[in-house]
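Q: Next up is a structure, given as structure tokens.
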Amino acid sequence: MPLNHSPSVDLEKLALEHIAPRLLSAGYCYVDNVLGEEFGDKVLAQVRRLHQEGVLKDGQLAGRLRGVSKKHLRGDKITWVAGNEEGCEAIGFVLSVIDRLVVLCGTHLGQYYVKERSKAMVACYPGNGAGYVRHVDNPTGDGRCITCIYYLNKNWDAKVHGGILRIFPDGGSHVADVEPLFDRLLFFWSDRRNPHEVQPSYATRYALTVWYFDAKERAAAKQRFKRLSESRQDSASEDS
């Protein structure tokens, strides 16, 4: 079903006058009332349906703990959505808006050249005090350069509900606290410049996250992975 909707903001002006300059100067930025309440409600309804149908599963940890759920470190439930699935049309429209904003930022993102992104990670913190300890999205140069998060939490009061995303720009003592408010869109660099954490949430907390890839770094990461896979295959052949 096609969705006829126009964002409630001027995307070009937003990209060139707010998002790109703020990313370059501070490393993060956010904008409120991106889609408007009526359309945001449609996105929220689709995310809630995924949650209620049991599609969301425990988030996993990378590295040595790969495949092991450690709820005291990461307590969200997630699933991955392309946006073209039946019943996910509104989610797909959100992705198209974020895509447009990143494209409009274009050559104003410093050294980055974005050509692709991940699917959307639909995430829910169930409201039982779950959070996500301080971490970096891309500590190893896997290609991810921009993290984008769209929040879906109506009537959120961080003093009562918690759930703040706390960013530590440049890993320093200064922090930036971002409340996960309904129809808020957040951008930040994905690398070691922005360690961040999700503080314990005491109400159901929903968000959509997508990662945009720098073409050069992504290509290099794929080459490293290919060489590593070939090396492991060679070692397995020698051992057999």
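The values are calculated or read from the model by the stated rules, or taken from the named source; none is laboratory data. Values in this document were obtained by computation on a predicted structure and should not be read as measured data. Cβ atoms come from the backbone with ideal geometry, glycine included; neighbour counts cover every protein chain shown. Just the protein is used for accessible areas: all its heavy atoms, side chains included, with ligands, DNA and RNA removed. Shrake-Rupley method; radii C 1.70, N 1.55, O 1.52, S 1.80 Å.
Q: For region 135-142, indicate whether the set of residues that are under 19 Å from residue 18 (Cα atoms) and in contact (Cβ under 8 Å) with a residue 60 or more places away in the chain is non-empty.
A: The answer is no, given that none of the residues of region 135-142 is under 19 Å from residue 18 (Cα atoms) and in contact (Cβ under 8 Å) with a residue 60 or more places away in the chain.
Q: Another question, then. Keeping to region 196-209, report how many residues are open to solvent by 10 Å² or more (accessible area, probe 1.4 Å) and in contact with a helix residue (DSSP H, G or I) (Cβ under 7 Å, 6 or more places away or on another chain).
A: 3
Q: If residue 177 satisfies all but one of (1) farther than 30 Å from residue 221 by Cα; (2) in contact (Cβ under 8 Å) with a residue 60 or more places away in the chain; (3) surrounded by fewer than 19 Cβ atoms within 10 Å (Cβ to Cβ); (4) among the charged types (D, E, K, R), what's the number of the condition it fails?
A: Result: residue 177 fails condition (2) only.
Q: Just give me the residues in region 73-91 being in contact with a strand residue (DSSP E or B) (Cβ under 8 Å, 6 or more places away or on another chain), open to solvent by 10 Å² or more (accessible area, probe 1.4 Å) and on the phi < 0 side of the Ramachandran plot, in sequence order.
A: Listed by number, the residues that qualify are 73, 74, 75, 77, 78, 79, 80, 82.
Q: Can you go through 110, 129, 106 and tell me which one is touching a Pro at 6+ places or on another chain (Cβ under 7 Å) and either buried (at least 18 other Cβ atoms within 10 Å of the Cβ) or on the phi > 0 side of the Ramachandran plot (or both)?
A: Result of the check over 110, 129, 106: 129.
Q: Go through region 31-73 residue by residue and tally those that are at pLDDT below 85 and either of a type in the set (Lys, Arg) or in a helix (DSSP H, G or I) (or both).
A: Residues flagged as at pLDDT below 85 and either of a type in the set (Lys, Arg) or in a helix (DSSP H, G or I) (or both) within region 31-73 amount to 6.
Q: Just to be sure before I move on: is residue 155 at positive phi and either modelled with pLDDT under 95 or open to solvent by 40 Å² or more (accessible area, probe 1.4 Å) (or both) in the structure I sent?
A: In short, yes.
Q: Oh, and also: Among the numbered criteria (1) closer than 20 Å to residue 138 by Cα; (2) modelled with pLDDT under 95, which single criterion is violated by residue 106?
A: (1)
Q: Give 107, 147 a once-over and let me know the one that is part of a helix (DSSP H, G or I) and of a type outside the set (Gly, Ala, Ser).
A: None of the others qualify; the one that does is 107.
Q: Just to be sure before I move on: is residue 101 under 17 Å from residue 13 (Cβ atoms) and open to solvent by less than 10 Å² (accessible area, probe 1.4 Å) in the structure I sent?
A: Taking the combined requirement at face value, the residue satisfies it.
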